[in-house]
């Protein structure tokens with residue numbers, strides 16, 4: 001299941017479950033929607049529509065013993081090219097239908113490899129004369145170039161992020177220096193430095209929260225539009241920011257607040273001593 005990525009809770013199966021969950025490759029749906037349906041005048045169907053349809057699954061062994069169970073398609077995946085059912089259902093059905101004296105051979109193996117695929121693994125496949133999806137092997141080079149481009153974009157984004165943080169930090173330093181004389185007066189008449197620091201930090205925090213919320217909303221809208229555009233080409237993308245992404249994006253903001261707090265306290269303490 002980990003190889004297939006995220007799966008719905010209905011993918012789990014145990015004896016007595018209402019439906020047998022089935023997973024299909026996305027290529028099956030694309031073949032129908034972009035090939036069979038337009039050619040025969042049939043309407044296209046969405047994944048949501050398919051997930052609501054139940055049907056009867058018939059299983060039969062060589063001796064004629066049959067199992068009849070209700071089934072439903074619960075998910076699609078780009079990582080497989082065949083029909084899958086949960087492993088515990090497969091084991092149960094095998095025990096019910098398999099001849100005790102017969103052992104089933106392995107017909108197919110799915111492997112998750114490094115990107116790019118190591119040359120030693122390619123040679124191993126050739127030496128063992130295993131049949132592999134050659135197109136996927138070629139696509140690893142494209143994936144490698146995509147990873148390089150993604151890494152470069154990440155470095156550029158990090159530089160821009162640091163420059164933005166520096167601009168925020170300098171803007172508040174300039175603000176403090178412009179009001180240095182007034183701050184000295186407040187400090188000399190007994191106003192606590194801690195209160196002055198908190199005042200500036202609250203202002204900084206308010207601006208940071210507003211900017212973070214607006215940026216999160218804009219990113220969510222962009223992700224939704226991009227996923228809608230990609231779906232028209234048969235590519236599935238997340239249509240919103242996940243909690244993990246939001247949490248990671250909040251880390252730099254927290255770090256900036258800590259740095260700004262230390263810097264602001266140091267600046268005001270220097271003014272108090274001057």
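Is any residue of the range 37-66 close enough, with backbone N under 18 Å, to a label point placed 7 angstrom from the Cα of residue 92 along the Cα-Cβ axis, and if so, which?
55-61, 66
Using Cα pairs under 8 angstrom and six or more residues apart, how large is the relative contact order of the chain, in percent?
Dividing the mean separation by the residue count of the chain yields 15 percent.
Label-point separation (nm) for residue 124 and residue 32, each offset 7 Å from Cα along Cα-to-Cβ?
3.7 nm
Please report, largest first and rounded to whole Å, the three semi-axes of the ellipsoid equivalent to the range 179-273, where each semi-axis is the square root of five times an eigenvalue of the C-alpha gyration tensor.
44, 11, 8
Helix-only mean residue ellipticity at 222 nm, the chain, DSSP H runs n ≥ 4 weighted -39,500 (n - 2.57), per residue, nearest 500. What is it?
-19500 deg cm²/dmol
In the range 1-76, what percentage of the DSSP-assigned beta bridges are antiparallel, given to the nearest 5?
60 percent
When the chain is fully extended, how far beyond the present Cα-Cα distance does residue 67 get from residue 262, taking 0.36 nm per residue of separation?
63.2 nm
In degrees from 0 to 90, rounded to the nearest 10, what is the angle of the helix 243-273 Cα long axis to the longest principal axis of the chain?
Once rounded, the angle reads 10 degrees.
If you take the beta carbon distance between residue 203 and residue 170 as r and set R0 to 22 Å, what does 1/(1 + (r/R0)^6) give as a FRET efficiency, to the nearest 0.05?
With R0 = 22 Å, the Cβ-Cβ based efficiency is 0.90.
Just the number, please: percent antiparallel of the DSSP beta bridges in the chain, rounded to the nearest 5.
Close to 55 percent.
Rounded to the nearest 10 degrees, what's the angle between the helix 87-97 long axis and the longest principal axis of the chain, both from Cα atoms, 0 to 90?
10 degrees
Report the label-to-label distance for residue 160 and residue 107 in nanometres (one decimal), using points 7 Å from each Cα along the Cα→Cβ vector.
Result for the modelled spin labels: 5.0 nm.
Can you list the residues of the range 29-60 with backbone N under 20 Å from a point 7 Å past the Cα of residue 228, pointing along Cα to Cβ?
44-49
Kirkwood Rh and Cα-based Rg: tell me the resulting Rg over Rh for the chain, rounded to two decimals.
Result: Rg/Rh = 1.18.
Every number in this text was worked out from the coordinates using simple rules, so none of it is lab data. Computed from a predicted model, the values in this text were never measured in an experiment. Don't worry about glycine lacking a Cβ; one is built from the backbone with ideal geometry, like all the others, and counts go over all protein chains shown.
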